[in-house]
Amino acid sequence: MTKPSIVIVGGGFSGSLLALHLLGVLREAANIHLIERGPAFGRGLAFSTRLPEHVLNVRAGNMSAYPDRPTHFQDWLAQTAGKPSDPFSFAPRWVYGDYLQGELRAAAQSASAAGRLDLVQDEVVSVRRAQGRLRVQLAVGRALDADIVVLATGHGAATAPVGAKARFAADPSYIVDPWASGALDAVGRDDPILLLGSGLTAIDVIASLDGRGHRGKILALSRRGLLPHRHARISGDPAAWMPRAGEPLSQALARFRRDADRMSDWRRAFDGLRSATQDLWRGLDQAQRRRFLRHLRPWWDIHRHRMAPEVADRISAHLDEGRLRVAAGRLSELRPEAGGVTATWRPRGQTTRVAERARWVINCTGAEGDPNRSDNPLVRDLIATGMVRADPLKLGLEADDEGRLVGADGTAQAGLLGIGPIIRGGLWEVVAVPDIRLEAQRLAARIAAGLRARLPLAG
């Protein structure tokens, strides 16, 4: 009997980690095809950077690829460096990419994976149902028949301006995607820059500019003018915190803030909330989720997604020197002028507008979440054929509690699954390594159980 086949679309962190877990739980029982359209497996956008200024936003002690081996990455760092590794250290992202690639390479070369882990450097352009299976069409013309297809396509491209702001993107001084190849090559050492956004994307762009020797003035403009908080060493384990049955969100939030205030460091409370976050999100109706996104998300993000201490020190130095300013407001107009633009923006809570000169305007609003605006041909095709649909909040694709993607008719698609940021709308916290690794372990177990129920597997 032919072995069942699993196709994972996307060879970044989510897809690679799922492949590793599937190899472990299915053993000899299935063939796995890991398909990546980018230049390297195991890296994705986050871990492809080679700049030493780009470090992880999570401490080494919490970056293991395996939930049941929490010190695995820390031990790997120690072995690689030949000396003990500090669990509170923040490694360069390219180092973590090496770690992931090494794990994937070792798994592919293992005896149990021989002949059944297929690494395919190509792009999936469509998925169709054919004779009870899923036919996966690749850009080069090859087609794969699969029993399970998992979308692990990551965050997507940078968010493009919409509506009135779309005209800004046509200006040659506007950099829509700072991660695109060569996007920052034309930036001069002393060029004044306007960043649209003040979150972690903006922090990464500042690090990229620093690495290129840029010393010009930078204004980071966002609706609330908030910067991410810094990581800090905390004494004691994270303080486990759970909502009470039937407790309204407003009361739970107030109780959480009181509990955090009583602690020596609020980070203990916030880190302890991690295990309850997905259950809290699932307990909210769509109206409550929209209110969270509209009013609380910026505050959540700056507390939850923090800067490494060395990065926070660099940003503080830029602020003290006056090289960096952070302002709350909304961009009104970009007026092209010789050698740059004049940006007009309205400070938050004011009616008067401010005009400032900039050589470059860089979009730092983060990755596109709305799949209806995706640049991925597979996502566009799946939506067009009705096999998937956007979640109600346009954060990604809609999925049920088992990870199955939901079609245009509201029915969960058998055999078509999602993992990672692509299904954020149903889980909220599934974008960072500690969350994705646990979801990968769970999904691998569900896939194995489902295949064993349908087919006489020996794994």
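Things worth noting here:
- With the convex hull drawn over the C-alpha atoms of the chain, the volume per residue is 168 Å³.
- The three principal axes of the C-alpha atoms in segment 81-146 carry coordinate ranges of 55, 27, 21 Å, sorted with the longest axis first.
- With every protein chain in place, segment 169-214: carbon and sulfur % of accessible area (1.4 Å): 49
- Counted charge near residue 231, where neighbours are those whose Cβ lies closer than 13 Å (Asp, Glu -1; Lys, Arg +1): +2
- Environment charge of residue 291, counting only residues whose C-beta is closer than 11 Å and scoring Lys/Arg +1, Asp/Glu -1: +3
- Nearest 10 degrees, 0 to 90: helix 433-454 Cα axis against the chain principal axis: 20
- Burial order of peptide ranges 416-424, 213-221 (average beta-carbon count within 10 Å, highest first): 416-424, 213-221
- Taking Lys and Arg as +1 and Asp and Glu as -1, the other residues whose beta-carbon sits under 11 Å from that of residue 76 total -2.
- Residue order by solvent-accessible surface for 430, 354 is 354, 430, largest first, with ligands and nucleic acids left out and a 1.4 Å probe.
- Additional length obtainable on full extension of the chain from residue 247 to residue 264, 0.36 nm per residue less Cα span: 3.5 nm
- Seen against the Cα atoms of the chain and their longest principal axis, helix 13-26 is set at about 20 degrees.
- When the helices of the chain are scored as -39500 (n - 2.57) per DSSP H run of n ≥ 4 and the total is divided over every residue, the value at 222 nm lands at -9500 deg cm²/dmol.
- By average C-beta atoms within 10 angstrom, highest first, the peptides 242-253, 187-198: 187-198, 242-253
- For segment 255-368, dividing the convex hull volume of the Cα atoms by the residue count gives 191 Å³ per residue.
- Computed with a 1.4 Å probe on the full set of protein chains, the accessible area for residue 259 sits at about 30 Å².
- Placing 316, 16 in order of accessible area, with the largest value first and a 1.4 Å probe, yields 316, 16.
- Accessible surface of segment 81-149, 1.4 Å probe, proportion on carbon and sulfur as whole %: 51
- Going by accessible surface with a 1.4 Å probe and the largest first, 301, 409, 313 read 409, 313, 301.
- Cα-based reach from residue 394 at 13 Å (exclusive), listing aspartates and glutamates while leaving out same-chain residues under 8 positions away: 368, 370
- Solvent-accessible area per residue for the chain (1.4 angstrom probe, square angstrom): 45
- On Cα atoms only, tilt of 309-321 relative to the major axis of the chain in degrees: 20
The values are calculated or read from the model by the stated rules, or taken from the named source; none is laboratory data. What you see is a predicted model; the values in this text were computed from it and never measured. Every residue, glycine as well, gets a Cβ built from its backbone with ideal geometry; the counts of neighbours run over all protein chains shown. The area values use the complete protein model at the heavy-atom level, side chains included, leaving out ligands, DNA and RNA. Shrake-Rupley method; radii C 1.70, N 1.55, O 1.52, S 1.80 Å.
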